[in-house]
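Heads up, the thing below is written out as structure tokens.
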Amino acid sequence: MTLPSADPNLEPRLSDKPPLRDDTRFAAGKIAVFQYATVIIFLFLMSGFWRLQVQNPEFYGERAQQNSIKSVPIPGPRGRILDRDGRVIVDNHSSFSLLLARESAKEEHLRPIAQGLDLDYNDLAARVRRVRSQPKYVTVTIKDELSPADLAFVAAHLDFFPELVLIQTPRRLYPKNGMMAHVIGYTGEISEDELDLPDFAKYNQGDVVGKFGIEKQYNDTLMGVDGQRQVVVDNRGTVRQTLAIKKAVEGKDLQLTIDLDVQTVAELAMQGKNGSVVALDPRSGEVLAMVSRPTFDPNKFAVRIKSKDWKEILDNPEHPMLNRAIQAELAPGSTFKPIVALAGLSTGTVDDKWTTHCSGGVALYGRYQHCWVSPKGHGTLSMHNGIVHSCDVFFYTLGSKLGIDNLSFYGDLVGFGQTTGIDLPHERSGLMPSEKWKLRYYRTKWYAGETPSVAIGQGALTVTPLQLARAIGGIAVGGKWYQPHMVKKPLDQVKMAEWALNPEHVKTVVDGLYGVVNEGGTGVRAALPHIEVCGKTGTSQLASNDYVKPAGGGEDMRDNAWFVGFAPRDNPEIVVVALFEHGGHGQFAAAIVRDVLKAHFDKKDRVTQLQQNQTRTVAALGLGLAGTAGVAPPQ
Amino acid sequence: MAKYLSPRDIDWTVLLIVLLICGVGVLQIYSATRDTDYTSAWWKQIVYVAGGLFLMWLMMAIDYHSMLHYVPALYIGSVAALVITYFIGEKAYGSKRWIPVGFGVHLQVSEFVKLVIILLVARYLTELRTDELEIREMLKLAGLVLVPTALVMKQPDLGTSLTYLAILIVCAFLAGLRWKYVAAIAVVTVVVLPIGWQFLNEYQKGRIVSFMDPESDPQGKGYQLIQSQIAVGSGGMFGKGVTKGTQTQLRFLPTAHKDFIFSAFAEEHGFVGVSILLSLFFVLVMRIVQNAHTAPDRVGMYLCMGVAALLLFHILVNVGMVAGLMPVTGIPLPFMSFGGSSIWTFFLALGLVNNVRLRRFVN
């Protein structure tokens with residue numbers, strides 16, 4: 001049976017072909033094949049969803065979270081550093097840091113990013129590579145302290161580089177011109193080596209920790225705890241929702257004992273010179289000022305020091321990173337003489353009536369020792385004049401009478417040869433020579449001929465400026481040596497060494513030191529009107545004069561100038577040590593000490609005056625005279 | 001003949017399923033486009049579906065036999081339109097597929113060409129009046145189909161062009177292409193594939209490479225595949241809930257209201273939802289095959305099977321891509337993906353099936 005063709009109109013054209021059944025049964029088998037294929041295809045598809053959704057939903061669920069949940073650190077700012085009056089020395093300023101969110105980072109973006117931000121591509125690539133083994137949510141800091149140009153670049157390219165994350169971070173702002181750089185120190189990103197140390201176990205990679213100075217010593221106090229914000233972001237990096245916030249904890253402020261007024265004057269006085277100034281309150285051990293020159297700019301470290309800058313500092317032959325106040329170990333020269341004098345009196349070797357004659361030199365142990373005024377001489381000298389004129393012959397003689405045992409005992413007593421324990425890292429101890437020391441390190445006995453040079457503060461004796469300030473300050477207050485410290489604390493918590501000195505002996509020495517400044521001694525440059533300044537110069541040799549003078553005496557070989565001064569004579573409240581490297585003579589250091597002392601007492605006067613005015617005003621107000629008295633501007 | 005037609009004879013099962021799928025699609029489009037530039041997409045889609053129903057009704061009304069008259073004209077018109085698209089088409093997503101027809105409407109010609117291919121193949125195979133398709137005839141027909149296929153591939157739109165070949169292959173198989181020819185075609189394909197590889201675009205190559213190894217470039221070419229699998233996998237058994245899918249809502253999933261709509265659906269409705277939706281699609285295909293069975297003549301059978309093949313191919317490639325079983329080829333999911341051209345084409349195809357069904361009781 002034949003059926004009409006699908007379309008009657010087509011028939012004429014197709015009529016030459018043999019007619020065929022036009023039913024669909026011929027294809028039934030093949031349609032069944034198609035149906036089976038359909039079943040298989042749907043089963044195939046279902047198997048795919050079964051594998052993804054039923055067998056591994058956790059795996060993909062986790063990846064979906066990684067996609068959308070980002071952890072952004074909230075920096076906990078470091079505490080500020082304040083001076084003794086609460087004035088801010090180190091503050092934080094807000095700066096922008098650029099992070100790389102590695103979840104969405106693309107390798108090929110690094111180069112244009114590095115170019116746009118003026119960074120070294122290799123450096124950046126290496127930094128990204130270093131964290132490759134860590135989880136993706138760990139971000140990489142691309143650049144800190146973004147300049148306005150950098151910010152503009154980031155803002156303009158956020159669409160192209162969704163991996164860029166801008167966060168605000170508090171940054172350390174240190175005083176300019178390297179002021180107090182050695183005291184404050186600096187911070188930096190924790191290093192790999194430090195991470196291995198037990199002290200740093202609680203810190204994480206990327207944390208900014210103190211590396212030097214107060215920043216290092218009091219890192220735990222100053223350091224804040226970073227918080228974290230967990231946010232949901234979309235594929236463009238836009239924050240859609242905040243899931244959790246761990247608040248950042250601010251670091252605690254730290255109040256130093258430093259007096260900014262005194263410090264500033266000390267800094268200025270040391271301008272253009274190498275050396276150090278230390279000012280202490282001998283009644284408490286509080287450090288009022290501490291300067292070391294040459295200095296460096298801690299702001300260069302505040303981010304990540306450039307290798308060029310770091311090399312410059314390392315290669316500098318003057319070692320700007322050395323805190324000379326606690327790390328310079330130098331011969332104290334004549335500043336040691338007051339201690340020798342005290343030893344002479346205390347041991348009863350001599351009394352204040354004892355005199356000796358200076359003819360410009362003295363022969364001791366087969367060697368003729370010159371006085372510094374040689375070829376002239378000081379004539380016959382009492383102890384008072386011996387100190388005032390810093391006569392070497394007087395102290396050569398006294399020293400050899402005392403012997404090395406007595407000298408080293410009193411050296412130990414005032415703290416030489418041991419660290420003061422100040423709350424700053426890397427303090428050095430200096431050296432107080434003794435028989436025991438000679439035996440231990442040189443395996444030879446002490447020769448009596450070595451004693452005279454120790455007695456004038458030369459030889460193997462070395463001290464740091466801080467040790468000297470503590471030693472003289474302790475004598476000045478009558479035998480109480482308080483531990484120098486940088487951070488304010490109650491007096492009863494300050495360690496103190498005491499020795500029952502005879503007040504008479506102390507008075508003899510102190511009067512001598514008064515004479516140095518006020519009776520035409522070597523320290524007249526330290527004199528101040530209306531203030532009884534006492535002090536002692538020191539001119540310590542780097543090498544024997546016999547060697548230096550013929551060689552022409554280059555700048556490097558000139559003597560170091562020392563001065564240690566305190567005031568007032570009775571109940572001293574400040575002791576200042578100035579070390580002026582290659583200053584030539586102690587009198588040049590005396591001028592520095594005078595400036596610092598003046599700053600201290602000027603301020604004290606001003607404060608007293610202000611307080612008096614205030615009291616008067618309060619009193620006036622109390623009497624009901626408010627309208628008439630007013631508040632007089634303090635002058 | 002028209003007087004015998006009755007609305008009762010429309011395949012209501014198919015229509016109901018299709019409307020269900022469309023409803024799920026609209027809901028999913030709404031969910032995927034919240035707070036984006038496309039928030040109006042869901043109601044636009046409703047308009048498209050309404051228009052689609054109208055087009056389906058139109059398509060049912062005209063006897064499919066008389067449609068076959070116009071096959072040569074439609075074919076030439078299609079090729080011409082594709083050539084015009086090639087020259088004046090609007091470029092989007094790196095390919096020229098759309099021609100503006102005024103009033104801001106852009107039509108994707110290649111979608112409608114699918115119907116022309118179905119009509120062309122059905123008429124050609126019927127007119128052969130043979131139970132065994134000769135290879136010579138097969139090659140002629142293939143030549144006719146390859147012209148629009150090549151034009152669409154050139155747009156470039158690999159996915160759509162492959163749908164034409166899918167229709168051709170299924171219908172040729174039904175027409176009695178001998179097994180040895182089927183085998184021969186398979187062998188030739190295997191041989192030609194590496195050569196054809198040379199003619200693919202960089203991005204087409206990239207898609208196939210990333211299908212083989214998506215993790216080789218997770219941020220680049222493998223991105224879509226990986227994000228889609230993450231979306232599907234993280235949906236788990238019961239899904240994250242409507243508008244709760246993170247991959248969809250946070251836009252990690254690319255084109256979540258278009259080609260990857262099934263991925264978004266799988267994330268928010270889980271394996272249970274996927275099973276139900278795939279079952280609907282399965283019943284839909286099977287019902288259309290059933291209509292092919294009951295077709296009054298061969299042309300009707302070919303038309304229905306052409307539509308079934310088209311649908312099955314779309315489902316296989318789109319859903320397979322979403323599940324990571326197929327490489328990324330941008331073809332939409334029938335009745336769900338957002339887009340007027342696609343929706344209308346499938347409603348027209350549905351009209352074609354109903355057209356055949358309404359006339360199944362001739363004689």
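Derivation of every value follows stated rules applied to the coordinates shown; laboratory data play no part. This is a predicted model, so every value here is computed, not measured. A quick note on method: Cβ atoms are made from the backbone with ideal geometry, for glycine too, and the neighbour counts reach across all protein chains shown.
So between A:I313 and A:S133, what do we pick up on full extension, going 0.36 nm a residue minus the alpha carbon distance?
Length gained between A:I313 and A:S133: 61.4 nm.
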Per-residue mean of C-beta atoms belonging to partner chains within 10 Å, peptide A:34-43: 6
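Can you give the average number of partner chain beta-carbon atoms within 10 Å of each beta-carbon in peptide B:67-76, as a whole number?
Going residue by residue through B:67-76 and averaging, the value is 1.
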Most mobile of B:G273, B:G89, B:G176 in a GNM of chain B (Cα contacts under 10 Å): B:G176
Test of understanding: ordering A:H378, A:H384 by Cβ neighbours within 10 Å, fewest first, what list do you get? A:H384, A:H378
By how many nm would the segment from B:L20 to B:V272 grow when fully extended, if each residue of separation counts as 0.36 nm and the alpha-carbon distance is taken off? 89.1 nm
Set Lys and Arg Cβ to +1 and Asp and Glu Cβ to -1, take the dipole of chain B about its Cα centre, and tell me which of B:P156, B:H269, B:M286 lies farthest positive. B:M286
Projecting each Cα onto the charge dipole of chain A (Lys/Arg +1, Asp/Glu -1 at the beta carbon, about the Cα centre), which of A:Y121, A:V54, A:V350 comes out farthest on the positive side? A:V54
Taking the Cα centre of chain A as origin and charging only Cβ (+1 Lys, Arg; -1 Asp, Glu), how large is the dipole, in debye to the nearest 20? 440
The ³J(HN,Hα) series, computed from each phi in the range B:118-131 with the Karplus coefficients 6.51, -1.76 and 1.60 at θ = phi - 60°, rounded to the nearest Hz and given as x for glycine or proline, is 4, 4, 4, 5, 4, 5, 4, 5, 5, 5, 5, 6, 9, 8
Residues whose modelled amide H sits under 5 Å from the amide H of A:L288, counting only those 5 or more places away in sequence or on another chain, are A:A279, A:L280, A:D281
Only helical DSSP H runs with n ≥ 4 go in: add -39500 (n - 2.57) per run for chain B, normalise by residue count and round the 222 nm mean residue ellipticity to 500 deg cm²/dmol. -23000 deg cm²/dmol
Expected unfolding gain across A:I245-A:I40 under the 0.36 nm per residue rule, minus the alpha-carbon gap, is 68.7 nm
Per-residue counts of other Cβ atoms within 10 Å, averaged by peptide: what ranking do you get for A:462-472, A:595-605, highest first? A:462-472, A:595-605
Using a cut-off of 12 Å between alpha-carbon atoms, which aspartates and glutamates can reach A:K202, once sequence neighbours fewer than 8 places away in the same chain are excluded? A:E194, A:D220
Taking chain B as the reference, fit the longest principal axis to its C-alpha atoms, fit the long axis of helix B:298-322 to the helix C-alpha atoms, and give the angle between the two in degrees, 0 to 90, nearest 10. 10
Nothing charged except the Cβ atoms of Lys and Arg (+1) and of Asp and Glu (-1): what's the magnitude of the dipole of the range B:1-152 about its Cα centre? Round to the nearest 20 debye. 280
Phi angles of the range B:141-158, converted by Karplus (6.51 cos²θ - 1.76 cosθ + 1.60, θ = phi - 60°) into ³J(HN,Hα) in whole Hz with x for Gly and Pro, give 4, 4, x, 4, 6, 5, 4, x, 4, 5, 4, 6, 4, 6, 4, x, 8, 4
Give me A:K353, A:K211, B:K154 ranked fewest to most by other Cβ atoms within 10 Å of their Cβ, as a rough exposure proxy. A:K353, B:K154, A:K211
Fewest first, what order do B:K140, A:K480 take by the number of other Cβ atoms within 10 Å? B:K140, A:K480
In this structure, the FRET efficiency calculated for A:N56 and B:D63 from their beta-carbon separation, with R0 = 41 Å, to the nearest 0.05, is 0.20
Give or take rounding to whole Å, what are the principal axis extents of the alpha carbon atoms in the range A:69-255, in descending order? 51, 35, 31
Please turn the phi angles of the range B:49-57 into ³J(HN,Hα) values with the Karplus equation 6.51 cos²θ - 1.76 cosθ + 1.60 (θ = phi - 60°), one per residue in order, whole Hz, x for glycine and proline. 5, 4, x, x, 4, 5, 4, 4, 5
Relative to chain B, whose Cα atoms define the longest principal axis, helix B:223-235 and its Cα axis are tilted in degrees, nearest 10, by 80
Run through the DSSP bridge list for the range A:297-427 and note the antiparallel percent, rounded to the nearest 5. 100
Expressed as a whole-number percentage, the relative contact order of chain B with C-alpha contacts under 8 angstrom and at least six residues apart is 27
Under a crude label model (7 Å from the Cα following the beta-carbon direction), how far is A:L542 from A:T349 in nanometres? 3.1
Using a Förster distance of 45 Å, the FRET efficiency for A:I167-A:R616 (Cβ separation, nearest 0.05): 0.25
So what is the relative contact order of the range A:260-609, in percent, for Cα pairs below 8 Å that sit 6 or more residues apart? 22
With each pseudo-label sitting 7 Å past Cα toward Cβ, what's the A:E519-A:K603 distance in nm, one decimal? 3.2
May I ask you to order B:255-262, B:278-285, B:131-138 by the average number of other C-beta atoms within 10 Å around their residues, highest value first? B:255-262, B:278-285, B:131-138
Taking every residue of B:290-302, the Cβ atoms of other protein chains inside 10 Å of its Cβ average out to 5
Checked against the positive end of the charge dipole of the protein assembly as shown (+1 on Cβ of Lys and Arg, -1 on Cβ of Asp and Glu, about the Cα centre), the farthest of A:S68, A:V533, B:A73 is B:A73
Once amide hydrogens are built 1.01 Å from N within the peptide plane, the residues lying 5 or more places from A:C358 or on another chain with amide H under 5 Å from its amide H are A:H378, A:G379, A:T380, A:L381
Taking Cα atoms, how many degrees apart are the long axis of helix B:202-212 and the longest axis of chain B, rounded to 10 and kept between 0 and 90? 80
Students often get this wrong: which residues of the range A:64-79 have the backbone nitrogen under 17 Å from the point 7 angstrom along Cα-to-C-beta of A:K202? A:76-79
Sorting check: for B:341-348, A:151-158, which peptide has the highest mean count of neighbouring beta carbons within 10 Å, and how do the rest follow? B:341-348, A:151-158
Long-range amide H partners of B:G89, meaning residues 5 or more apart or on another chain whose placed amide H is closer than 5 Å, are none
Would you mind computing the Rg to Rh ratio of chain A from its alpha-carbon coordinates, Kirkwood style for Rh? 1.30
Using the Kyte-Doolittle scale, which helices in chain A average at least 0.0 and also have C-alpha atoms spread 30 Å or more along the helix axis, with helices defined as whole DSSP H runs? A:28-49
Please tell me the relative contact order of chain A in percent, rounded to the nearest whole number, where contacts are Cα pairs under 8 Å and at least six residues apart. 12
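If you count the DSSP beta bridges with both ends in the protein assembly as shown, what percent of them are antiparallel, to the nearest 5?
Beta bridges within the protein assembly as shown, antiparallel portion: roughly 95 percent.
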